[in-house]
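Here's the structure we're looking at; comments come further down.
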Amino acid sequence: MSVDLDLRRRLEQLLFDRHAPMPLKQAEWLLGFLRYPYALVRDLLTGELNLRAMGLVYTTLLSLVPLVAFAFAVLKGLGVHRDLEPLLFEFLRPIGERAGELTAQIMSFVEKVRGGVLGSVGLAFLLYTVITTIQKLEAAFNFAWHVERPRSLMRRISEYLSLMVIGPVFLVVAFGLLGAVAEHETMRWLTSHEPLGTIIRGLGYAGPYLFVTSVFTFFYVFIPNTRVRLRPALAGGVTAGVLWAMSGAIFTKIVAASTNMVAIYAGFAIFLAALIWIYLSWLILLIGAQLSFYVQNPRYLRAGQAPVRLTSRLRERLALTVMLHVARNFVSGAKPWRLRGLAEQLEVPGSALETVIEALEHAGLVTTTDEEEVLPARDLESIGMHDILTAVRDERQYETWLLWRARTEPVADSIADSVEAVIRERTSGMTLRELASGKS
């Protein structure tokens, strides 16, 4: 264990501690680039991403059939429901020759679900499993992005249902357009002329992987309950897409060569291969989400997923700043701040800012709506600066039941009381309205 810690310390010193400029700019650029794979490998070794990927495998097993059934029902209204089976087959293709058999079994289950075999209670349960899967995916993405608070209930219902309805339609339409373009006479003419033919065939081969990359990028922008810029999301999407393509090709060869596994597990071999492939797919998706977070927030490359601990001084400054932003928008009649907007504005992880917001809510200074808008909880004239400082110094949580029992030294009490007196004197009479109006 000590050897691992020492190696990790040496690597971090090499990658992150730069006290003098590098003699070669290329070497400095290379070290900066290596920070990202190092951070991703470190996060994988800690095990949290692996555990979340395993949890998603379990929920996927429960929700795969109802998810396909729901998509089938949506696409049937458009008359393109038969195009769903090839998409499912493409996802399961890496598990080997029996991917078609597994796809047929899943579609058979879907037929039974559509036929009303389960009844209303069963269908409600299956729909619940689909919602749970998306909710767990959001929780995993929020973990990667240091976001503590998930979407509100109303946002979950509206946005999740929108994704479930629009997603299958988008997939089928996109693949339909690709097929139509490939069969067009102009495309055939271009294909017959070199070097255009080689280029077009290469793009046709890479088309599905580019499509997967686009879907991953969309997930990284849409699912985390925070604002993700396009460039970091695209970096995560491209990386995850390349990893997914490479792992699919390697996994197919491994399954084809694993005759021992087929001999041992017999009929369960296809099920085991599907489990492993689903786990790898989720893990790759989470790796891309973690990378997109680091690209947007490179200062957290060294800390990784370690809990962000705010000093008392920073908590006080963040609390005053949050109250100032909230009050200014309230006075001017501007659109209220949202939690993720505040986190981005202050360049603080959502998980760290959430503790400050919760302290202010507990003190009755702000309130958070279902739309995650942060509003003043009472009149600005009645909110003093000392009230804000007190809210984040945990006095209400500890002093009444613990501090009065502590055997502190009189000299220490005198120093602490003098500091508190100075703070009260400095903030006496200062209200949040004055601060927001710029009068203080």
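What follows draws every value from the coordinates through simple rules; no lab data is involved. The model shown is predicted, which means the values in this text are computed figures rather than measured ones. Neighbour counts run over all protein chains shown; Cβ positions are idealised from the backbone, glycine included.
Structure notes:
- FRET E, pair SER437, VAL308, Förster distance 41 Å, beta-carbon r, rounded to 0.05: 0.80
- Charge tally in the Cβ shell below 15 Å around THR239, where Lys, Arg are +1 and Asp, Glu are -1, THR239 excluded: +1
- Karplus-derived HN-Hα couplings along the stretch 410-425 (A = 6.51, B = -1.76, C = 1.60, θ = phi - 60°), whole Hz, x at Gly and Pro: x, 5, 5, 4, 5, 5, 5, 5, 5, 5, 5, 5, 5, 5, 5, 5
- Length released on extending from ASN50 to PHE211, taking residue separation times 0.36 nm less the Cα-Cα span: 55.4 nm
- Across the stretch 28-45, coupling constants 3J(HN,Hα) worked out from phi with the 6.51/-1.76/1.60 Karplus curve, θ = phi - 60°, read 5, 5, 5, 5, x, 5, 5, 4, 6, x, 4, 5, 5, 5, 4, 5, 5, 5 Hz, and Gly and Pro carry x.
- The magnitude of the dipole of the stretch 312-437, with charges of +1 and -1 set on the Cβ of Lys/Arg and Asp/Glu and taken from the Cα centre, is near 200 debye.
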